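Working notes for the structure below.
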Amino acid sequence: MEGSGLSADSGNSFTDLRLRFQLEYGRALAVCGVMGLYARDQPLWETGRAVVNVESGRNGVANPPRLVDPFARAITYLRVSVTDRCDFRCTYCMAETMQFLPKKELLTLEELDRICSVFIRCGIRKLRITGGEPLVRRGIMELFARLSSYLDSGMLDELTLTTNGSQLARFAEELSTIGIRRINVSLDTLDEEKFRRITRWGRLPQVLKGIDAAREAGIRIKINMVALKGFNENELHPMVQWCHANNMDLTIIEVMPMGDFDDVTRIGQYWSVRDVRARLEECYTLQSLSERTGGPARYFQLAETGQKVGFITPLSHNFCESCNRVRLTCTGTLYMCLGQEGSADLRTPLRGSDDRTLIETIQAALARKPRGHDFDYTRQGVAGRMQRHMSHTGG
Ligand code: SAM
Ligand code: SF4
C-alpha cells in the first residue's frame, strides 16, 4: 500500500479498509475530473461496466478515428488564427483602415483550448498558433501554457507560432519555458525605413530586439520573407548573409492573392520564386534537401555556407500531393485549403454541442478537402483569388 495513501494498520477491519479505498478512489477520480483538461493522455480507467476515458475529454468520445482526407492524406497539422488583429499593417496583407471583427465573433481562449484539444485527440501532431499577430491577443500565454501539456504528454510533437516579432522581447523567455523550440518570424527587409514602409506601423529595432531575445532564450528561428517585386529584390543576398551570421533558417514566400487587393497591385508585387532561386544560384550551389513539411515548401542547403533556405511556391506549384494541414480561423471556421473557399463552421457545434458532434463535423469537413488550390498569375490575370484575408485565416 506504500504510496497509495492507505496503510494497513490505520483501519481495523476489511470493511474499514474497503471504505477507505472507495474514498481514496473517489478522490482520485474527482482529481482526474478537475485535471481532465490537462491530463487527457492518461489511460482508460475501468469501473465495472462504465469506461471513463480521461483521454476523451468532455463527453467521452473514446479514441476518435484519425483524420484522413479523400486523397488518403493524413491530416496531422493544424494552424490556428487566434486573432485577426495586428499591430502592423503590412501592405500585402491588410489595408491601413482594416475593419476588424467584433470581439464576440472571436473564439474565447477556453474555446480555442477545447477545439485544439479535440483536434489533438483526432491525431493532430503539430499545432501552429498564428493570426493576425498572435502575441497581441490578451491572455495568449495562458493558451500556450494549456496546450503545452500535450507536449509533455507526447500527444503533440510540436507547438509553435508565426509572429511579426514585435512582442517577442516580452514573451520569448516564457515561450521557451513552456516548451516552444522553434518559431517563424516574418521579416521582409533589414532596412529600417523600408520596414516602416512595408509594415506601415512596425519598427525594425523592436523586431530585432525580439529576435535576439528569442535566440537568447534558446528558441530556433526561421525567417519568413515575402518576395516582393521592386521592394526587396536587392535584399536577397543581405538577408541570406544575415540569417547565416545569426544561425537562422530562411524561407522565401511568393505573394498570394488573398484579401481585397486589385489585380494590378498584386501582379505588380509578384516576384516569382523561380527568379529568386535563379538569383541565389548566381552565388550559391543549391542542394535539394529531402525534408518536406507537407506544404508547398521545398528546402535546399547552400553548399558554400551549409545554411537552409526554403521556398514556398503556391503560385508555381499548386498540386498539393502531400498536404497534411487544415486551418482554423479566429471565428471557428475550418478551411480545408488556404486557396479554396470550402469551409466548415465549427463554432456552432463548439458552442452548442458535445465533443462527439464537433468531431463528426470535423470529419465531414475533411471529406471535402480539395486536391489543391487554383492560385495563378499567368495570362496577366489573378486567378484563384481569395477574398478573405490571410490574417483571418492564419498564414
Ligand atoms: N502576424 C504574423 C506574422 O506576420 O508573422 C502571423 C500572421 S501573418 C498573416 C503570417 C504570414 O503570412 C507572414 O509570414 C506574412 O508575411 C504572410 N502573408 C501575409 N499576407 C500574405 C500574402 N498575401 N501572400 C503571402 N504571404 C502573406
Ligand atoms: Fe500583421 Fe502578419 Fe499581416 Fe503583417 S503579415 S499585417 S504582421 S498579420
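The values are calculated or read from the model by the stated rules, or taken from the named source; none is laboratory data. It should be emphasised that the depicted structure is a prediction, and the values quoted were computed from it without experimental measurement. Here Cβ is always computed from backbone atoms with ideal geometry, including for glycine, and neighbour counts include all displayed protein chains.
Points to keep in mind about this one:
- For the stretch 117-132, a residue qualifies if it is in contact with a strand residue (DSSP E or B) (Cβ under 7 Å, 6 or more places away or on another chain), among the hydrophobic types (A, V, I, L, M, F, W, C) and touching a residue at least 60 places away in the same chain (Cβ under 8 Å), and exactly one does: Phe119.
- Selected residue [surrounded by 16 or more Cβ atoms within 10 Å (Cβ to Cβ), polar (S, T, N, Q) and modelled with pLDDT of 60 or more] from Thr361, Thr348: Thr361
- Qualifying residue in the stretch 171-178 (condition: surrounded by fewer than 22 Cβ atoms within 10 Å (Cβ to Cβ), within 16 Å of ligand 1 (Cβ to nearest atom), modelled with pLDDT of 95 or more and small (Gly, Ala, Ser)): no
- Residue among Leu151, Leu147, Leu143 that is out of contact with any Phe, Trp or Tyr (no Cβ under 6 Å at 6 or more places or on another chain) and within 16 Å of ligand 1 (Cβ to nearest atom): Leu143
- Of all residues in the stretch 104-115, those satisfying the criterion of being surrounded by fewer than 22 Cβ atoms within 10 Å (Cβ to Cβ) and under 21 Å from the mean Cα position of the chain (by Cα) are Glu105, Thr108, Leu109, Glu110, Glu111, Asp113, Arg114.
- Of all residues in the stretch 75-96, at least one satisfies being away from ligand 1 (no atom under 16 Å from the Cβ) and at pLDDT 90 or above.
- Comparison of Leu135, Leu190, Leu151 shows that the only residue that is buried (at least 23 other Cβ atoms within 10 Å of the Cβ) and without any contact (Cβ under 8 Å) to a residue 60 or more places away in the chain is Leu135.
- Only one of the listed residues (Glu158, Glu216) is more than 15 Å from the chain's Cα centre (by Cα), over 24 Å from Thr331 (Cβ atoms), surrounded by fewer than 16 Cβ atoms within 10 Å (Cβ to Cβ) and more than 16 Å from ligand 2 (Cβ to nearest atom). That residue is Glu216.
- Leu135 vs. criteria within 13 Å of ligand 2 (Cβ to nearest atom) and either within 17 Å of the chain's Cα centre (by Cα) or outside any loop (DSSP other than H, G, I, E, B) (or both): yes
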